[in-house]
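To start, the structure itself, in C-alpha coordinates.
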Amino acid sequence: MAVDALDTRILRLLIEQPRTSVREYARILSVARGTLQARIDRLERAGVITGTGPFLSPAALGHPVLAFVHLEVTQGHLDEVGEALASVPEIVEAFSTTGGGDLLARVVARDNGHLEDVIQRLIRLPGVVRTRTEVALRERVPHRLLPLVESVGRTAASGGAVPASGGAASPARVPERR
(Lines give C-alpha, C1' and ligand atoms only; values in the text may rest on other atoms or scores of the structure.)
Protein backbone atom coordinates (compact mmCIF):
# COMPACT_ATOMS: atom_id res chain seq x y z
CA MET A 1 0.00 0.00 0.00
CA ALA A 2 1.19 3.51 -0.74
CA VAL A 3 0.37 6.65 1.22
CA ASP A 4 -0.47 9.52 -1.11
CA ALA A 5 -1.13 13.23 -0.65
CA LEU A 6 -4.84 12.76 0.21
CA ASP A 7 -3.94 10.10 2.78
CA THR A 8 -1.50 12.49 4.44
CA ARG A 9 -4.14 15.25 4.52
CA ILE A 10 -6.52 12.78 6.16
CA LEU A 11 -3.89 11.74 8.72
CA ARG A 12 -3.13 15.35 9.54
CA LEU A 13 -6.81 16.03 10.23
CA LEU A 14 -7.13 12.91 12.37
CA ILE A 15 -4.15 14.11 14.45
CA GLU A 16 -5.16 17.75 14.69
CA GLN A 17 -8.92 17.26 15.09
CA PRO A 18 -9.41 13.76 16.52
CA ARG A 19 -12.99 14.30 17.71
CA THR A 20 -14.37 15.55 14.40
CA SER A 21 -16.88 13.44 12.48
CA VAL A 22 -16.13 11.69 9.20
CA ARG A 23 -18.75 13.91 7.56
CA GLU A 24 -16.91 17.03 8.74
CA TYR A 25 -13.54 15.65 7.62
CA ALA A 26 -15.03 15.03 4.18
CA ARG A 27 -16.36 18.59 4.04
CA ILE A 28 -12.99 20.06 5.08
CA LEU A 29 -11.13 17.98 2.50
CA SER A 30 -13.78 18.46 -0.22
CA VAL A 31 -14.14 14.73 -0.83
CA ALA A 32 -17.13 12.42 -0.70
CA ARG A 33 -17.85 10.91 2.72
CA GLY A 34 -17.70 7.41 1.21
CA THR A 35 -14.29 8.14 -0.32
CA LEU A 36 -12.99 9.42 2.99
CA GLN A 37 -14.34 6.44 4.92
CA ALA A 38 -12.82 4.03 2.39
CA ARG A 39 -9.45 5.76 2.75
CA ILE A 40 -9.59 5.61 6.56
CA ASP A 41 -10.57 1.93 6.44
CA ARG A 42 -7.67 1.20 4.06
CA LEU A 43 -5.21 3.07 6.31
CA GLU A 44 -6.45 1.03 9.29
CA ARG A 45 -6.16 -2.28 7.42
CA ALA A 46 -2.63 -1.36 6.30
CA GLY A 47 -1.61 -0.61 9.89
CA VAL A 48 -0.96 3.08 9.27
CA ILE A 49 -3.73 4.02 11.71
CA THR A 50 -3.21 1.83 14.76
CA GLY A 51 -5.69 3.22 17.27
CA THR A 52 -7.72 6.09 18.54
CA GLY A 53 -7.74 8.05 21.83
CA PRO A 54 -8.27 8.86 24.56
CA PHE A 55 -4.73 9.88 25.41
CA LEU A 56 -3.96 9.33 29.07
CA SER A 57 -1.33 10.84 31.31
CA PRO A 58 0.37 8.37 33.67
CA ALA A 59 1.39 11.36 35.83
CA ALA A 60 -2.24 12.45 36.19
CA LEU A 61 -3.05 8.85 37.15
CA GLY A 62 -0.60 9.11 40.06
CA HIS A 63 2.51 7.76 38.29
CA PRO A 64 4.73 10.80 37.58
CA VAL A 65 8.06 8.94 37.53
CA LEU A 66 9.12 7.74 34.07
CA ALA A 67 12.05 5.40 33.56
CA PHE A 68 13.53 3.36 30.75
CA VAL A 69 14.66 -0.07 31.86
CA HIS A 70 17.07 -2.07 29.70
CA LEU A 71 16.80 -5.79 30.36
CA GLU A 72 19.46 -8.30 29.48
CA VAL A 73 17.86 -11.71 28.86
CA THR A 74 19.27 -15.24 28.87
CA GLN A 75 19.55 -16.54 25.30
CA GLY A 76 16.41 -18.33 24.20
CA HIS A 77 14.15 -16.64 26.77
CA LEU A 78 13.26 -13.41 24.99
CA ASP A 79 9.67 -14.42 24.21
CA GLU A 80 9.00 -15.66 27.75
CA VAL A 81 10.38 -12.49 29.33
CA GLY A 82 8.45 -10.34 26.86
CA GLU A 83 5.24 -12.13 27.81
CA ALA A 84 6.03 -11.73 31.53
CA LEU A 85 6.55 -7.98 31.06
CA ALA A 86 2.97 -7.73 29.82
CA SER A 87 1.78 -8.78 33.29
CA VAL A 88 3.45 -5.78 34.98
CA PRO A 89 0.96 -2.88 34.89
CA GLU A 90 3.66 -0.23 35.31
CA ILE A 91 5.25 -1.22 32.00
CA VAL A 92 3.54 0.90 29.38
CA GLU A 93 5.71 -0.22 26.43
CA ALA A 94 8.45 -2.74 25.75
CA PHE A 95 10.59 -3.35 22.69
CA SER A 96 13.20 -5.88 21.58
CA THR A 97 16.37 -3.93 20.88
CA THR A 98 19.92 -4.19 19.64
CA GLY A 99 22.81 -2.77 21.60
CA GLY A 100 23.35 -2.89 25.35
CA GLY A 101 20.29 -4.93 26.21
CA ASP A 102 17.73 -7.28 24.72
CA LEU A 103 14.57 -5.46 25.80
CA LEU A 104 13.76 -1.84 26.56
CA ALA A 105 10.75 -1.13 28.77
CA ARG A 106 9.13 2.21 29.42
CA VAL A 107 8.08 2.11 33.07
CA VAL A 108 5.97 4.50 35.14
CA ALA A 109 5.88 4.66 38.92
CA ARG A 110 4.33 6.59 41.80
CA ASP A 111 7.73 7.57 43.22
CA ASN A 112 11.33 6.37 43.28
CA GLY A 113 10.59 3.72 45.92
CA HIS A 114 7.81 2.31 43.78
CA LEU A 115 10.15 2.33 40.77
CA GLU A 116 12.67 0.31 42.76
CA ASP A 117 9.92 -2.21 43.65
CA VAL A 118 9.02 -2.57 39.96
CA ILE A 119 12.67 -3.05 39.00
CA GLN A 120 13.11 -5.69 41.70
CA ARG A 121 10.07 -7.49 40.28
CA LEU A 122 11.66 -7.42 36.83
CA ILE A 123 14.98 -8.73 38.11
CA ARG A 124 13.18 -11.74 39.63
CA LEU A 125 11.60 -12.74 36.29
CA PRO A 126 12.98 -16.06 35.00
CA GLY A 127 15.37 -15.32 32.15
CA VAL A 128 16.33 -11.79 33.22
CA VAL A 129 20.08 -11.57 33.79
CA ARG A 130 20.36 -7.90 34.73
CA THR A 131 18.70 -4.53 34.29
CA ARG A 132 19.93 -1.00 33.75
CA THR A 133 17.58 1.89 34.52
CA GLU A 134 17.55 5.47 33.29
CA VAL A 135 15.10 7.87 34.94
CA ALA A 136 13.63 10.58 32.72
CA LEU A 137 13.99 14.04 34.22
CA ARG A 138 11.84 16.06 31.83
CA GLU A 139 10.09 15.42 28.52
CA ARG A 140 11.84 17.49 25.85
CA VAL A 141 9.95 16.34 22.75
CA PRO A 142 6.53 14.81 23.41
CA HIS A 143 5.44 11.80 21.39
CA ARG A 144 4.41 13.13 18.01
CA LEU A 145 3.86 11.95 14.49
CA LEU A 146 2.56 15.08 12.76
CA PRO A 147 6.04 16.20 11.55
CA LEU A 148 6.54 12.74 10.03
CA VAL A 149 3.09 12.84 8.38
CA GLU A 150 3.92 16.28 6.96
CA SER A 151 7.24 14.99 5.60
CA VAL A 152 5.52 12.01 3.98
CA GLY A 153 2.94 14.40 2.52
CA ARG A 154 5.64 16.62 1.01
CA THR A 155 7.30 13.57 -0.53
CA ALA A 156 3.99 12.31 -1.92
CA ALA A 157 3.10 15.76 -3.30
CA SER A 158 6.48 16.18 -4.98
CA GLY A 159 6.55 12.98 -6.87
CA GLY A 160 4.22 10.28 -5.86
CA ALA A 161 3.24 7.93 -3.17
CA VAL A 162 5.29 6.78 -0.23
CA PRO A 163 5.19 3.06 0.54
CA ALA A 164 3.55 2.21 3.85
CA SER A 165 4.67 -0.80 5.79
CA GLY A 166 4.03 -1.92 9.34
CA GLY A 167 7.66 -2.73 10.16
CA ALA A 168 8.91 -4.13 13.42
CA ALA A 169 9.72 -0.68 14.75
CA SER A 170 6.12 0.49 14.33
CA PRO A 171 4.50 0.51 17.75
CA ALA A 172 1.08 -1.08 17.66
CA ARG A 173 -1.86 0.60 19.34
CA VAL A 174 0.09 3.68 20.33
CA PRO A 175 -2.23 6.63 19.92
CA GLU A 176 -0.93 9.91 18.62
CA ARG A 177 -0.57 12.76 21.08
CA ARG A 178 -0.53 16.30 19.88
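Rank by packing, highest mean first: peptides 106-117, 53-64, with packing defined as the count of other Cβ atoms within 10 Å averaged across residues.
106-117, 53-64
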Subject >> Carbon and sulfur %, accessible surface of the chain computed with the full protein complex present, 1.4 Å >> reply: 53 percent
Subject >> Relative packing of 136-143, 148-155, which averages over residues the other C-beta atoms within 10 Å, highest first >> reply: 148-155, 136-143
**OP:** Using Cα pairs closer than 8 Å and at least 6 residues apart in sequence, work out the relative contact order for the chain, in percent.
**Re:** 34 percent
Original post:
What whole-number value in Å² describes the accessible area per residue of the range 56-125 for a 1.4 Å probe?
Top reply: 57 Å²
**OP:** May I ask for the angle, rounded to the nearest 10°, between helix 5-16 and the longest principal axis of the chain, with both axes built from Cα atoms and the value confined to 0 to 90°?
**Re:** 60 degrees
Subject >> Lys, Arg +1 and Asp, Glu -1 on Cβ, resulting dipole of the range 1-149 about Cα centre, debye, nearest 20 >> reply: 740 debye
**OP:** For the range 22-160, build the charge dipole from Cβ charges (+1 Lys, Arg; -1 Asp, Glu) around the Cα centre, then report which of Gly153, Leu78, Gly53 sits farthest towards its positive end.
**Re:** Gly153
Subject >> Positive-end extreme of charge dipole, the range 1-104 - chosen from Thr20, Ser30, Ala5 (charges on Cβ) >> reply: Ser30
**OP:** Pull out the extension gain between Glu44 and Glu134, defined as 0.36 nm times the separation in residues minus the alpha carbon to alpha carbon distance; nm, one decimal.
**Re:** 29.0 nm
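Expressed as cubic angstrom per residue, what is the convex hull volume of the alpha carbon set of the chain?
Once divided by residue count, the hull of the chain is 141 Å³.
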**OP:** Note the angle between two axes, namely the Cα long axis of helix 112-123 and the longest principal axis of the Cα atoms of the chain, as a number of degrees from 0 to 90, rounded to the nearest 10.
**Re:** 80 degrees
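The values are calculated or read from the model by the stated rules, or taken from the named source; none is laboratory data. As the structure is a computational prediction, the values presented were derived from the model and not from experiment. Here the Cβ is made from the backbone with ideal geometry for all residues, glycine too, and neighbour counts use every protein chain on show. We work out accessible area using only protein heavy atoms, side chains counted, and drop any ligands, DNA or RNA first. Shrake-Rupley method; radii C 1.70, N 1.55, O 1.52, S 1.80 Å.
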